[in-house]
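Contents: one structure, followed by commentary.
FYI, it's all coordinate maths here, none of it is from the lab. Quick caveat, the model's predicted, so the values are computed rather than measured. Here the Cβ is made from the backbone with ideal geometry for all residues, glycine too, and neighbour counts use every protein chain on show.
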Ligand SMILES: C[S@@+](CC[C@H](N)C(=O)[O-])C[C@H]1O[C@@H](n2cnc3c(N)ncnc32)[C@H](O)[C@@H]1O
């Protein structure tokens, strides 16, 4: 049986021609070897390799630029391991920042200890709802998605972490309106990519189109701005992840549909405009 370091070094060499990252190889080895963390691949370099055929199957997929998260059916979001497969977007670091921005800004608008009614529109893996629930135990969170397949994945993750998040299938605010819900907060990371040419192979070929591309004729942002009056009783805070190139488009949409609102575009850690907070009195 080969040692871990032999398999790792050979894969790094072979992966050079296929855009393979060494960190992704460590993720695969940790999965196959049953290590808790990818870094354990390096600490346990002299271990015997247990299941080379399984590693080889995974590695062939990695060489075809399949995201490592889909290969091992696992992604990490704010320290929490979530089940993912090709029915959902792989949670991103920017979305972790959206959650941080919400936690930092929330006291400006509400007492977060209250039982606030929250909608997570386009929940995908359920990552945002789960993170918000862990910070704000009293919030009544409903997660929705237009894709029933995606919602199945979210439900699985909600169950793993103790339930307590309601789910609804449907487009934008429609299921909330149908259920006559009054919302205090809407959170959404909807599809927002305008330029398909900027998208890497690992995203374009593997992640669901319905999670990626903004179709201005079917825009979640527009749906929400147009219909938010129907779910608003008191004040309403809307928190969005946005594409860096959407400032003008979103400013025009807000002016078209909203009254008595304040808003703030917020930068991510790379200094790009990636979040929008809108508050309606
Ligand atoms: C960019 S992904 C975000 C997934 C997850 N919230 C996250 O942050 O990783 C967008 C999600 O919105 C869903 N979606 C697309 N159009 C929608 C619509 N009109 N109404 C509700 N969900 C929608 C997609 O199915 C997808 O799961």
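Could you give the length gained by full extension between residue 52 and residue 169, i.e. 0.36 nm per residue of separation minus their alpha carbon distance, to one decimal place?
38.0 nm
Normalised by the empirical 2.2 N^0.38 Å for globular proteins, what value does the Cα Rg of region 52-169 take?
1.18
Which FRET efficiency value, to the nearest 0.05, is calculated for residue 244 and residue 215 with the Förster distance at 25 angstrom and r the Cβ-Cβ distance?
For R0 = 25 Å, the calculated efficiency reads 0.85.
So what is the calculated 222 nm ellipticity per residue for the chain, using -39500 (n - 2.57) for each DSSP H run with n of 4 or more, over all residues, to the nearest 500 deg cm²/dmol?
-11500 deg cm²/dmol
Residue 281 label point, 7 Å along Cα→Cβ, cut-off 18 Å on backbone N: hits in region 203-245?
229, 232-238
How much length is gained on full extension from residue 111 to residue 64, taking 0.36 nm per residue of separation minus their Cα-Cα distance?
So the chain would gain 12.1 nm between residue 111 and residue 64.
Among 108, 233, 31, which one shows the highest mean-square fluctuation when the chain is modelled as a Gaussian network with alpha-carbon springs under 10 Å?
Top of the fluctuation ranking is 108.
How long, wide and thick is region 88-280, going by the Cα atoms along their three principal axes, in whole angstroms, largest first?
So the three principal-axis extents are 44, 40, 33 Å.
Could you calculate the contour length gain from residue 269 to residue 152, that is, 0.36 nm times the residue separation minus the distance between their Cα atoms, to one decimal place in nm?
Length difference between fully extended and current span is 38.9 nm.
Top mean-square fluctuation among 201, 68, 220, Gaussian network model of the chain, C-alpha springs under 10 Å?
Looking only at 201, 68, 220, the biggest GNM fluctuation is shown by 201.
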